[in-house]
Structures are given as structure tokens and as C-alpha cells.
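I have placed the structure first, in the form of C-alpha cells, so that the comments after it can refer back to it.
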Amino acid sequence: MIRAFLAIELNNGITIEKIKSFSARLLQNQSKLKVVAPENLHMTMKFLGNISESLALKIYRILNEEINDRLFQGKIYEYKLKGVGQFNKFSVLWVKLIGDIQFLQEIKDSIEQLFVERLSIEKDKRTQFKPHLTIGRLKKDKINYQTFSALKNLINENKNLEFGPFTVDQVKLKKSDLTPKGPIYSDLVY
């Protein structure tokens, strides 16, 4: 079985460096924060969980023929990463994607519909796509409460911080290998 997901990768070196710099500031405040490794920065389109090799091949074909070829048509879409936020009481820290969100919603909806019709893969419960890049995770039992208010302030003070460009030209099928040092992501290509 393969632990897999669909993602749009962040490839801009300058943007990655700005996120690394901000993540370092977060770590100074919360040393137990699990920061996303620079090479793993991405926007998840759909988490698939554990799938078989044969299903991965079918997903790969649909993704390339129906989504990447038909919807992207070789075009590159320009977005920017701006602003820091949090989900679930600061357990997930993220950077917001700014740009043509409706296009990304159409991509997400097309993926969901094709996967239901052709592969009987259930749609995600959340239908509205909230594009973001997770930059860190903080487990509740790992929070340093002595500096927690400073973390909240850091997030609030940077709601408009600009990180840089994010280009979108394809959705990739990714494999996630979980290790004690964190996940290792790689492209699944057939």
C-alpha cells in the first residue's frame, strides 16, 4: 500500500527562504513545533490515504489526462503567498494563497467528480476549498504555555506578511513515507 495525496508544490526559492525565515521565528517561540521541511512545502488538493499500486496508476492517468492536460492546458497560473494563520487552536500554522481561488476550486471539484465517477473514491466532506500551505504543526501536549501568548501575537502581527510568488501549472500525485524524522514526499510517476 502507498500513502498518497494530490498536491501543488511550492518551487520558488525566494518564497521558500522567506517561509524558512518565518518558521525559524516560530521555532524560537515554540521549540516543539514541527516545521514543514522546505522540500515538502505544498498545497494539498486531496489526501488519499493508503492506496494500492493499481489504484495509484489509475489516479495518475486521470490526473494527467483530465486535470493537468485538459484544465491547465500548459498554462502557468500566478498566485502569491501572503499572511499567516492557524487552524484548530494553533495546532496547524499556515500561509494563505492569494489569487484566482475559483480556478483552484474548479480543479478540486473536477478531481472529486472524476474520482467518484471513475474510481468510486468518496468526495471530501468539505466542499469549499481553502487554499493554504501548512508550515508547521504543534501538538497540544507540546505547547510551551509560557510563550504561547507571544506565538499568538506573532501570528496576528503577520496576517499580511508577504512571502512571495507561488506558480501553479499542475497537480502531482505524491507518495508520503512516514519516518521518525518526519515524512519524506516523492512524486509517483507511471
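Read-outs: derived from the displayed coordinates by stated rules, not from any lab. This structure is a prediction, so every number in the text was calculated from the model and none was measured. We place every Cβ from the backbone using ideal geometry, glycine too, and count neighbours over all the protein chains shown.
Exceedance of the 22 Å cut-off in Cα-Cα distance is limited, within the set Lys34/Lys125; Lys32/Lys82; Lys34/Lys175; Lys123/Lys175; Lys32/Lys152, to Lys34/Lys125; Lys32/Lys82. Largest GNM mean-square fluctuation among Asn156, Asn88, Asn40, using the chain with Cα springs under 10 Å: Asn88.
Quick one: net charge of Tyr60's neighbours, Cβ under 14 Å, K/R +1, D/E -1? Don't jump to the answer; show the numbers that get you there.
On the way: positive: Lys46, Lys58, Arg61, Arg118, Lys172, Lys174, Lys175; negative: Glu53, Glu65, Glu66, Asp69, Asp187.
Combined, the nearby Lys, Arg, Asp and Glu give +2.
When ranked by the protection proxy of mean other Cβ atoms within 10 Å per residue, highest first, what sequence do the peptides 70-76, 31-37 form? Mind showing how you got there, number by number?
Details: 70-76: 10.6, 31-37: 16.1.
Packing proxy ranking, top to bottom: 31-37, 70-76.
Once the chain from Lys159 to Met1 is taken as fully extended at 0.36 nm per residue, the excess over their C-alpha distance is 52.9 nm.
Around Val84, with a cut-off of 12 angstrom between Cβ atoms, what is the net charge of the other residues, counting Lys and Arg +1 and Asp and Glu -1? If you can, show how the numbers build up before the last one.
Details: positive: Lys18, Arg25, Lys82, Lys96, Lys152, Lys159; negative: Glu157, Glu162.
Summing Lys/Arg as +1 and Asp/Glu as -1 gives +4.
Of the three principal axes defined by the Cα atoms of the range 24-102, the extents in descending order read 45, 32, 23 Å. Other residues with beta-carbon under 15 Å from the beta-carbon of Ile98 carry, at +1 per Lys or Arg and -1 per Asp or Glu, a net charge of +3. Highest GNM mean-square fluctuation among Lys159, Lys80, Lys89, for the chain modelled with Cα contacts below 10 Å: Lys89.
In the range 41-132, a dipole from Cβ-located charges (positive for Lys and Arg, negative for Asp and Glu) runs towards its positive end, and of Ile107, Met43, Val84 it is Val84 whose Cα lies farthest in that direction.
Distance between the pseudo-spin-label points of Lys181 and Ser31 (7 Å out from Cα toward the beta carbon): 2.1 nm.
Note on the chain: helix-only mean residue ellipticity at 222 nm, from DSSP H runs of 4+ residues weighted -39500 (n - 2.57) and normalised by residue number, equals -9500 deg cm²/dmol.
Just to be sure I understand the curve: with the Debye formula and one point per C-alpha of the range 2-174, what is log10 I(q)/I(0) at q = 0.19 Å⁻¹? Taking Cα atoms of the range 2-174 as identical point scatterers yields -1.24.
Treating only the Cβ atoms of Lys and Arg (+1) and Asp and Glu (-1) as charged, compute the dipole magnitude of the chain about its Cα centre; round to the nearest 20 debye. Present the calculation step by step, with values, prior to reporting the outcome.
On the way: 31 positive and 21 negative charges, 200 e Å.
For the chain, the charge dipole is close to 960 debye.
Over the residues of the range 89-175, compute the C-alpha Rg and express it relative to 2.2 N^0.38 Å. Show your work: numbers first, answer last.
On the way: Rg = 16.9 Å, N = 87, 2.2 N^0.38 = 12.0 Å.
Relative to the rule-of-thumb radius for its length, the range 89-175 sits at 1.41.
With Cα atoms defining each centre, the range 137-190 and the range 7-69 are spaced 9 Å apart in the structure.
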